[in-house]
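Note sheet for the following structure.
The values are calculated or read from the model by the stated rules, or taken from the named source; none is laboratory data. Fair warning: this is a prediction, and the values are worked out from it, not measured in the lab. So basically every Cβ, Gly included, is an ideal-geometry build from the backbone, and we count neighbours across all protein chains shown. For accessibility, only protein heavy atoms count, side chains too; no ligands or nucleic acids. Shrake-Rupley method; radii C 1.70, N 1.55, O 1.52, S 1.80 Å.
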Amino acid sequence: MPHCSLADPAVRRYAFIHEEDLAEIAATLLLDSAHHGTIDVSGTTVSATERINVLETVLGLEAEVVELSAEQAAERWRRDGWPEDTIAVMLYALPVFAFQPDNPLLRAQEDRALALLGRAPRTFTQWANGFATRDVDHRHV
């Protein structure tokens, strides 16, 4: 990889949680009366560059990376039908968490997921490998 700084959006790390891990955690919380209220969890962190590299490898495709401003991203999410609350969370969370490579809040959320799962959360690579084996048209990912 060429030399990058944390200011480079491609190397900032973002939280990822596998949907099956999230479902397993939700089931655990629903079945365990000891947990009440909101519980924040996160899986592993992964940079945009790592995600792109993994997807290119598992899908056998080359990706074109286009950097969007926050406003452009929000507009795209709106066109894709995202709820405004979700967009607001994304606009808050991405810069807050991305600029700390070892964010203590994300570490605590990952530790909580580990405790609730009883194992390490699945990685983005594991998710991508599973996605690649699904019967899906990958040309429009």
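Any idea what angle helix 19-31 forms with the longest principal axis of the chain, computed on alpha-carbon atoms, 0 to 90 degrees, nearest 10?
Compared with the principal axis, the helix lies near 20 degrees.
For the chain, what is the accessible area per residue in Å² when the probe is 1.4 Å?
Numbers: 9400 Å² over 141 residues.
Each residue of the chain exposes 67 Å² on average to a 1.4 Å probe.
If you count, for each residue, the other Cβ atoms within 10 Å and average over each peptide, how do 28-35, 107-114 line up from highest to lowest?
Values: 28-35: 10.2, 107-114: 16.8.
Listed from highest to lowest mean packing, they are 107-114, 28-35.
Kindly express, to the nearest 10 degrees and within the range 0 to 90, the angle between helix 70-79's C-alpha long axis and the longest C-alpha principal axis of the chain.
80 degrees
Note down the magnitude of the dipole of the chain about its Cα centre, charges +1 on Lys and Arg C-beta and -1 on Asp and Glu C-beta and zero elsewhere, to the nearest 20 debye. The partial results should precede the final answer.
Working: 12 positive and 22 negative charges, 37 e Å.
Charge dipole, the chain, about its Cα centre: 180 debye, nearest 20.
Would you please put 60-72, 122-134, 13-25, 43-55 in order of how densely packed they are, using the mean number of other Cβ atoms within 10 angstrom per residue and starting with the highest?
Numbers: 60-72: 9.4, 122-134: 15.9, 13-25: 17.6, 43-55: 19.2.
Per-residue mean Cβ counts within 10 Å order the peptides as 43-55, 13-25, 122-134, 60-72.
Could you work out the percent of alpha carbon pairs in segment 16-76 separated by over 18 Å, rounded to a whole number?
Above the 18 Å cut-off, segment 16-76 has 61 percent of its Cα pairs.
Can you give the Rg to Rh ratio of segment 25-141, both from alpha-carbon atoms, with Rh computed by the Kirkwood formula?
Taking Rh as the inverse mean 1/r over Cα pairs, Rg/Rh reads 0.99.
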